[in-house]
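The values are calculated or read from the model by the stated rules, or taken from the named source; none is laboratory data. What you are looking at is a predicted structure, and each value in this text was computed from that prediction instead of being measured. All Cβ positions, even for glycine, are placed from backbone atoms using ideal geometry, and neighbour counts span all protein chains on display.
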Amino acid sequence: MGSPFSQFREMRRNMKNNKIQVALLGLGTVGTGVYKVFENQKTEMLPKLGVELEISKILVRNLEKAAAKVSDPSILTNNWKEIAEDETIDIVIEVMGGMEPARTYILEALKSGKNVVTANKDLIASDGRVLMDAAKESGKDFLFEAAVAGGIPIIRPLKQCLAGNCISEVVGIVNGTTNFILTKMTEENMEFGDALALATELGYAEADPTADIEGLDAARKVAIIASIAFNSRVTFDDVYTEGITKITARDIRYAKEMGCHIKLLGMARNTEGGIEVSVHPMLINSRHPLASVNDSFNAVFVHGDAVGDTMFYGRGAGELPTASAIVGDVFDVVRNMKYGCTGRISCTCYKELPMKKMDDVVSRYFMRMQVEDRPGVLASVTSVFGNNVVSIEQFIQKRKEGELAEIVVITEEVVERNFNDAVKILQTMDMIKEISAVIRVY
Ligand code: NAP
Ligand code: HSE
């Protein structure tokens, strides 16, 4: 690596030739999309940016498999050093995914004076600070718009367009697979297992769908969004996470009867008591704009003190939508290079706000249970709630089956610790045969 001045001279020389060389790491779903969008934009680049961009190297594991996807297989390599040590490459796009070797390659690229664009939410949600510090140190761009909600612009709007706001809440549907499953359960009364099987058949869910259905993928996105929205580092480990595997068609039907949908929501709130970050299924009023976000679409709802409510909607994943965000980042890097101002917007976490414990979070709850059908049972249940400072908003007996009655309770806003204490007691009572569902209400 040369001095910053020799790097700058080199960059200007590359730009003078009207060609910027780009390396792509990974040629899977997103990498292939990036390659295609580069092809589609070939004739637009010069008028748009004043330079042309060329993918001059692609790192893959299996050269033979990748050869069928590109017009010139000679640009394929399985040797990272060929890219790291190539001084003509100014921009590296990392779309291999996973923690290692992606982390090492990104750090090496930044150290050797290359700008980096990535979609790697796993890495940013846990190690974002290290990567952004490295970018700052090198004075290079490190952009990751595609890491949250795929094709939907959300990171740049939060960092730039909405920078004049204090953001108090970001709530989003940020996982397409689970939104598809919940939509099928809502619209076609499918049970979870059948809807998951359909999502797998149609290619929405991965062979191992754990990260999606257990909420882990959404939690990574929420950590990244919260860090940016509240200017304070939040990591994946900070996010309380529950998936959708326990949601049944009956929960969804009852929610509908109450004028609500059930969605997997990623929640980030900046409150006086600290930052709250969580991912879990929630009942949400059907009139809320997020309730009508269906199928595999994503949406992110942001509340700022100046702007009020805004919502960003679109495709949160997939080959071309994700590539759209990546190529947008690459074009931004090029514009920055042109004016010699790379590294202009680096890490925006200048605060160290406390995280709020989930026990202290306030929420409303929907609860469904099977109880003995005899006098005094409802009085006993309500007294447990009352003794634990849980106020009830609605109490409905839904049906009877033999000796059992099904009751549904909706609470007022309660402190999670108090609600959990009440549930623990209810679980020990003989008259309560099953607590079938506990779902928060937005
Ligand atoms: P993918 O289809 O599994 O592709 C990954 C690619 O990287 C494959 O070509 C793989 O090669 C290659 N690769 C993995 N490790 C490598 C290594 N050590 N050296 C060289 N090549 C390596 O994954 P993807 O869906 O495109 O996702 C890529 C990234 O984008 C991930 O960080 C993901 O979280 C993120 N993302 C994806 C989406 C989406 O819709 N898919 C949306 C937003 C963000 P082999 O095929 O030979 O294994
Ligand atoms: N698996 C994710 C989803 C896409 O279903 O939304 C990658 O972020």
- request: Working only within segment 66-97, note down all residues that are of a type in the set (Lys, Arg) and under 30 Å from the mean Cα position of the chain (by Cα).
  value: 69
statement: Across (1) of a type in the set (Ser, Thr, Tyr); (2) within 16 Å of ligand 1 (Cβ to nearest atom); (3) without any contact (Cβ under 8 Å) to a residue 40 or more places away in the chain, residue 178 clears everything bar (3)
query: residue 412: surrounded by fewer than 19 Cβ atoms within 10 Å (Cβ to Cβ) and closer than 24 Å to residue 252 by Cα, yes or no?
result: yes
- prompt: What are the residue pairs meeting all of these: first residue in segment 79-108, first residue at negative phi and of a type in the set (Gly, Ala, Ser), second residue modelled with pLDDT of 95 or more and assigned to a strand (DSSP E or B), Cβ atoms under 6 Å, and 6 or more apart or on different chains?
  reply: 102/94
- prompt: Which condition number does residue 41 fail, the rest of (1) at pLDDT below 95; (2) in contact with a strand residue (DSSP E or B) (Cβ under 9 Å, 6 or more places away or on another chain); (3) of a type in the set (S, T, N, Q) being met?
  reply: (1)
message: I'd like the residue in segment 162-182 that is within 12 Å of ligand 2 (Cβ to nearest atom) and among the small types (Gly, Ala, Ser) and, out of all such residues, is surrounded by the fewest Cβ atoms within 10 Å (Cβ to Cβ).
response: 176
message: Tell me yes or no: at least one residue of segment 242-253 is touching a residue at least 60 places away in the same chain (Cβ under 8 Å) and acidic (Asp, Glu).
response: yes
- prompt: Any chance segment 146-153 includes a residue that's more than 8 Å from ligand 1 (Cβ to nearest atom) and farther than 17 Å from residue 328 by Cβ?
  reply: no
query: Among the residues of segment 128-145, is there at least one that is within 13 Å of ligand 1 (Cβ to nearest atom) and within 24 Å of residue 299 (Cβ to Cβ)?
result: yes
Within segment 422-442, considering residues that are surrounded by fewer than 15 Cβ atoms within 10 Å (Cβ to Cβ) and within 33 Å of the chain's Cα centre (by Cα), the one farthest from residue 254 (Cα to Cα): 424
query: In segment 314-360, which residues are touching a strand residue (DSSP E or B) at 6+ places or on another chain (Cβ under 6 Å) and within 16 Å of ligand 1 (Cβ to nearest atom)?
result: 316, 321, 326, 329, 330
field: Residue among 108, 52, 94 that alone is within 16 Å of ligand 2 (Cβ to nearest atom), among the charged types (D, E, K, R) and touching a helix residue (DSSP H, G or I) at 6+ places or on another chain (Cβ under 6 Å)
entry: 94
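State all residues of segment 393-433 that are over 26 Å from residue 360 (Cα atoms) and assigned to a strand (DSSP E or B); if no residue qualifies, say none.
If we filter segment 393-433 for residues that are over 26 Å from residue 360 (Cα atoms), which is where we start, we get 396-407, 430-433.
Once the filter is applied, which keeps residues that are over 26 Å from residue 360 (Cα atoms) and assigned to a strand (DSSP E or B), segment 393-433 yields 396, 397, 398, 399, 400, 401, 404, 405, 406, 407, 432, 433.
Of all residues being of a type in the set (Gly, Ala, Ser) and within 16 Å of ligand 1 (Cβ to nearest atom) in segment 183-222, which is surrounded by the fewest Cβ atoms within 10 Å (Cβ to Cβ)? Just the residue, please. Write out each step before concluding.
Restricting attention to segment 183-222, the residues satisfying the condition of being of a type in the set (Gly, Ala, Ser) are 193, 195, 197, 199, 203, 205, 207, 211, 215, 218-219.
With within 16 Å of ligand 1 (Cβ to nearest atom) added as a condition, the list becomes 199, 203, 205, 207, 211, 215, 218-219.
Values: 199: 24, 203: 9, 205: 23, 207: 5, 211: 18, 215: 27, 218: 31, 219: 29.
Checking each candidate, the answer is 207.
Looking only at segment 161-173, filter to residues that are aliphatic (A, V, I, L, M) and under 16 Å from residue 262 (Cβ atoms); which one of those is nearest to ligand 1 (Cβ to nearest atom)?
First pass over segment 161-173, keeping only residues aliphatic (A, V, I, L, M): 162-163, 167, 170-171, 173.
Right, trim to under 16 Å from residue 262 (Cβ atoms) and you get 171, 173.
Working: 171: 20, 173: 15 Å.
Among residues in segment 161-173 that are aliphatic (A, V, I, L, M) and under 16 Å from residue 262 (Cβ atoms), the one nearest to ligand 1 (Cβ to nearest atom) is 173.
With the condition being over 22 Å from residue 336 (Cα atoms) and over 19 Å from the mean Cα position of the chain (by Cα), I'd like the helices (runs of 4 or more DSSP H) fully within segment 115-215 carrying at least 3 qualifying residues. If you could, list the steps in order and put the result at the bottom.
Details: elements: 121-138, 176-187, 192-201, 210-213.
Result: 176-187, 192-201.
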message: Need pairs with beta-carbon distance below 7 Å; first residue within 13 Å of ligand 1 (Cβ to nearest atom) and within segment 36-63, second of a type in the set (Ser, Thr, Tyr) and modelled with pLDDT of 95 or more; sequence gap 6+ or separate chains.
response: 57/77; 59/77
message: Based on this model, can you work out whether residue 234 counts as buried (at least 21 other Cβ atoms within 10 Å of the Cβ), within 16 Å of ligand 1 (Cβ to nearest atom), among the aliphatic types (A, V, I, L, M) and farther than 16 Å from residue 180 by Cβ?
response: no
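With 395, 419 as the choices, which residue is crowded, with 18+ Cβ neighbours inside 10 Å, among the aromatic types (Phe, Trp, Tyr) and closer than 30 Å to residue 291 by Cα? Please lay out each step first, then the result.
Numbers: 395 fails: crowded, with 18+ Cβ neighbours inside 10 Å.
Just one listed residue meets the conditions, 419.
Scan 390, 414, 408 and give me the residue that is under 35 Å from the mean Cα position of the chain (by Cα) and touching a residue at least 60 places away in the same chain (Cβ under 8 Å). Write out each step before concluding.
Details: 390 fails: touching a residue at least 60 places away in the same chain (Cβ under 8 Å); 414 fails: touching a residue at least 60 places away in the same chain (Cβ under 8 Å).
On inspection, the qualifying residue turns out to be 408.
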